[in-house]
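Colleague: My structure is below; once you've seen it, I'll send some questions.
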Amino acid sequence: MTKRHYAPLYTTLVLFLVTLLTLFTLNGRVFPNLDLLTAIWVYLALDLALLATLIWGLFSKDKFVKVFSLLANIGLIVPLSIWIFLLLLANGISEA
């Protein structure tokens, strides 16, 4: 029961690690022919997964899970959304 009880927290931790991994590996050094729009879609998928985990954590019955899920997911969603915005801005400038 406790493993299922804290599942949103474990999912948030896994998504945090995946986000860090993609931030350090999804670049021009590792993938020289990477299109910028592909990177944007990967980061957008991670952002939507974090949003789904936030909603999942808020429907928990435990107050600790709710508070930690709210703080951790918002703390991850905001910088990732800013990064997506900057990538979209760079993509728009490079297309012009």
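Colleague: Take every Cα pair under 8 Å in the chain that's 6+ residues apart, average their separations, divide by the length, and report that relative contact order as a whole percent. Don't skip to the answer; put the middle values down first.
Modeller: Numbers: 61 pairs, mean separation 33.7, N = 96.
Over the chain, the number comes to 35 percent.
Colleague: Dipole of the chain, Cα-centred, from +1 at each Lys and Arg C-beta and -1 at each Asp and Glu C-beta, to the nearest 20 debye? Intermediate values should be presented prior to the final figure.
Modeller: Details: 6 positive and 4 negative charges, 112 e Å.
Using only the charged Cβ atoms, the result is roughly 540 debye.
Colleague: Using DSSP to define loop residues, name the chymotrypsin sites (Phe, Trp or Tyr not before Pro) in segment 1-83 whose beta-carbon has at most 14 other beta-carbon atoms within 10 Å. Before the final figure, lay out each step's value.
Modeller: Working: sites: Tyr6, Tyr10, Phe16, Phe24, Trp41, Tyr43, Trp56, Phe59, Phe64, Phe68, Trp83; in loops: Tyr6, Phe59.
When the chymotrypsin sites (Phe, Trp or Tyr not before Pro) of segment 1-83 are filtered for loop state and at most 14 Cβ neighbours within 10 Å, Phe59 remain.
Colleague: Longest segment of the chain with no trypsin sites (Lys or Arg not before Pro) in a DSSP loop having at most 14 other Cβ atoms within 10 Å? Walk me through the numbers before you get to the answer.
Modeller: Values: sites that count: Arg29, Lys61.
The segment 62-96 is the longest one with no such site.
Colleague: Report the full-extension gain for the segment Thr22 to Ala45: residue separation times 0.36 nm, less the Cα-Cα distance, to one decimal in nm. Walk me through the intermediate numbers first.
Modeller: Details: separation 23, 0.36 × 23 = 8.28 nm, distance 1.16 nm.
Full extension of this stretch gives 7.1 nm more.
Colleague: Run the simple label-point estimate for Leu58 and Phe31 please: 7 Å along Cα→C-beta, distance reported in nm.
Modeller: Going from the Leu58 label point to the Phe31 one covers 3.1 nm.
Quick note: the coordinates plus some simple rules give every number you see, no bench work behind them. None of the values given here were measured: they were computed from a predicted structure. Counting neighbours? That spans all protein chains shown, and the Cβs are built from the backbone with ideal geometry, glycine included.
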